[in-house]
1. For segment 4-132, what is the relative contact order in percent, using Cα pairs closer than 8 Å and at least 6 residues apart in sequence?
2. Show the residues, 5+ positions off or on another chain, whose built amide H is closer than 5 Å to the amide H of L97.
3. Spelling out what I want: for every residue of segment 116-128, take phi, set θ = phi - 60°, compute 6.51 cos²θ - 1.76 cosθ + 1.60 (Karplus), and round to whole Hz; glycine and proline get x.
4. Kindly provide the helix-only [θ] at 222 nm of the chain, computed as the sum of -39,500 (n - 2.57) over DSSP H runs of four or more divided by all residues, to the nearest 500 deg cm²/dmol?
5. List the trypsin sites (Lys or Arg not before Pro) within segment 1-89 that fall in a DSSP loop (any state other than H, G, I, E or B) and whose Cβ has at most 15 other Cβ atoms within 10 Å.
6. Measure nothing fancy, just the Cα-based angle from helix 35-53's long axis to the longest principal axis of the chain, in degrees from 0 to 90, nearest 10.
Amino acid sequence: MNSLLLSVASRFFVTLLLMFSVFMLLRGHNLPGGGFIGGLIGAAGFIVYAIANGSQAARRTLRIDPRVIASSGVGIALLAGLSAALFGKAFFTGTWLIAGSIKLSTVIIFDIGVYFAVFGAILTLVFALEEAV
């Protein structure tokens, strides 16, 4: 597409949608949102950028292969599930990891893994479809 307006606006949409996706990720434990919807919103920013500037430009802007992002997300989610075994609990039982004054729940780690898995999978699919056309 050769729209100058969409090309310039897509840069702002990427930033805006990525910030909103992180907000949705972090509020998703107690309110609607979470890793899945956050990943979809984040991928939507890069999809708009790919429509405006082409999938190769979007890949260069992303800098990391979306397949690597998706597989890393699955690994992070799996590690969050396995971390319960360290405390002798069942797989995917939510636990708190406390290091000094930092308290981190395995639930948010799982959500971050889902975020990256969805983000990478959607972008892999969209980039492949756009390059095939």
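1. Computed value for segment 4-132: 29 percent relative contact order.
2. L104, S105, T106
3. The phi angles translate into 5, 5, 5, 4, x, 5, 5, 5, 4, 5, 5, 5, 5 Hz.
4. It lands at -24500 deg cm²/dmol.
5. Working: sites: R11, R27, R59, R60, R63, R67, K89; in loops: R63, K89.
Those satisfying the criteria are R63, K89.
6. Roughly 20 degrees, rounded to the nearest 10.
Here, each number is a calculation from the coordinates, and none is a lab measurement. The shown structure was predicted, so the numbers you read here are calculated from the model rather than taken from an experiment. Every residue, glycine as well, gets a Cβ built from its backbone with ideal geometry; the counts of neighbours run over all protein chains shown.
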